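Below you'll find the structure, written out as structure tokens, and then a few comments.
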Amino acid sequence: MNRSRFAAAATVLLLSALAQAGSHGKWINVHVRQASEQTTVDVRLPLDFIALALDAVDTPEFRHGKMRLDFKHHDRDGDVKSDGDGKARADQPDVNWVTLLKKMKDLPEGEYVKVDSPDAKISIKRAGGLFLIHVDEQKDEKTTVDVRLPVALLDAVSVDENQELDVKAFVAQLDKLETGDLVRVSGDDADVRIWVE
């Protein structure tokens with residue numbers, strides 16, 4: 001009987017949170033279709049609700065909307081460095097991804113990578129406030145990938161001194177974006193679309 005009451009209370013709270021979160025703001029949408037499995041998955045959630053849900057998660061790896069990053073040092077031979085006690089160091093990254101991503105904001109518009117081969121056509125460029133990645137595989141499944149990363153999202157990439165990524169800040173920045181596609185993958189067997197509306 002207690003389980004029934006708990007389930008009912010949890011359902012009421014979830015619906016209340018969804019109603020409150022969905023009353024304003026934007027939504028993230030994910031659509032996945034896999035023809036061979038005859039499966040379609042659609043997820044549609046208000047960004048406000050995702051921010052609330054992030055606060056509810058409390059694990060060693062994810063707490064208060066922040067995700068612990070597990071950076072490991074490697075020496076020139078690719079071996080993991082240790083502090084002498086045999087344990088891998090995880091205090092600092094080999095590559096400062098946050099600085100690198102934030103510096104990408106300052107890159108001028110233009111095409112940075114272009115590959116034209118019998119196997120694939122690849123383009124990476126910046127245009128109109130977006131980083132655009134386009135991959136068009138020519139062989140096998142003939143998959144097309146389009147990623148539209150708004151430059152404004154780079155402002156939300158924040159890692160603190162504890163090597164924790166602020167996922168909640170990233171979600172808040174998504175809410176400030178114009179609506180539209182972020183990722184689109186089309187293939188012979190599967191399609192994926194992620195967008196904000």
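The values are calculated or read from the model by the stated rules, or taken from the named source; none is laboratory data. Keep in mind that this is a model prediction, so the values were computed, not measured. Backbone-built Cβ (ideal geometry, glycine too); neighbour counts: all protein chains shown.
Answer yes or no as to whether LYS121 is farther than 21 Å from GLN34 by Cα, surrounded by fewer than 17 Cβ atoms within 10 Å (Cβ to Cβ), charged (D, E, K, R) and modelled with pLDDT of 90 or more.
Yes; evaluated as a whole, the condition is true for this residue.
Out of the residues in region 159-197 that are small (Gly, Ala, Ser) and within 29 Å of GLN34 (Cβ to Cβ), state the one that is nearest to the chain's Cα centre (by Cα).
GLY180
Cβ-Cβ under 6 Å, sequence separation 6+ or interchain: first residue in region 15-36 and aromatic (Phe, Trp, Tyr), partner assigned to a strand (DSSP E or B) and modelled with pLDDT of 65 or more. Which pairs?
As it stands, the answer is TRP27/ARG44; TRP27/PRO46, since those pairs meet every condition given.
Give region 150-185 a look and list any residue that's assigned to a strand (DSSP E or B), of a type outside the set (Lys, Arg) and buried (at least 16 other Cβ atoms within 10 Å of the Cβ), or say none. Full working, then the answer.
Kept after step one, since they are assigned to a strand (DSSP E or B), are these residues of region 150-185: 150, 159, 164-166, 180-185.
Filter again for of a type outside the set (Lys, Arg), leaving 150, 159, 164-166, 180-183, 185.
Of everything in region 150-185, those that are assigned to a strand (DSSP E or B), of a type outside the set (Lys, Arg) and buried (at least 16 other Cβ atoms within 10 Å of the Cβ) turn out to be PRO150, VAL159, GLU164, LEU165, ASP166, LEU182, VAL185.
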